[in-house]
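Derivation of every value follows stated rules applied to the coordinates shown; laboratory data play no part. Note that the structure is predicted; figures quoted are calculated from it, not measured. Don't worry about glycine lacking a Cβ; one is built from the backbone with ideal geometry, like all the others, and counts go over all protein chains shown.
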Amino acid sequence: MKSRLLLGAAIAALVASLMAASGAAAAVQPTAMGSYIVVLKDSAGAPATVASQQARTFGAKVGFVYSSALKGYSATMRVADVAALRRDARVAYVAADRTVQIQADTLPTGINRIDGELSSTISGNGSGSVNVNSTWP
């Protein structure tokens, strides 16, 4: 019994030391670089102009400039400079740029029940046919 307690204590100490070491390694290095999406306020002016000004000020490398759906740009810059960029009056917000993916697309129950996805009918034009199961469960 005593040996189990000692073994448990040793494992707990090992886990704690590993977590502390990984926390220290995860500390932000001043020169560490990150990729960000910078969204500008509507009143900020031309996104390309603001992006080039902020790139010079914060040492960022501008990627894409967005001007249709939103005003902003993508940038690679030092992690340490992000807080200062967020304080710029022209910036609405700064978000880390990351990869996302969609898992699956599902049909609403009613569409699936009548096999709407198999229909040759183009929505709203009245042509084609739909094979609807006439038996209701």
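A Förster distance of 22 Å, applied to the separation of the beta-carbon atoms of A96 and K61, puts the FRET efficiency at 0.90. Using the Cβ-Cβ distance between Q103 and A69 with R0 set to 22 Å, the FRET efficiency from 1/(1 + (r/R0)^6) comes to roughly 0.40.
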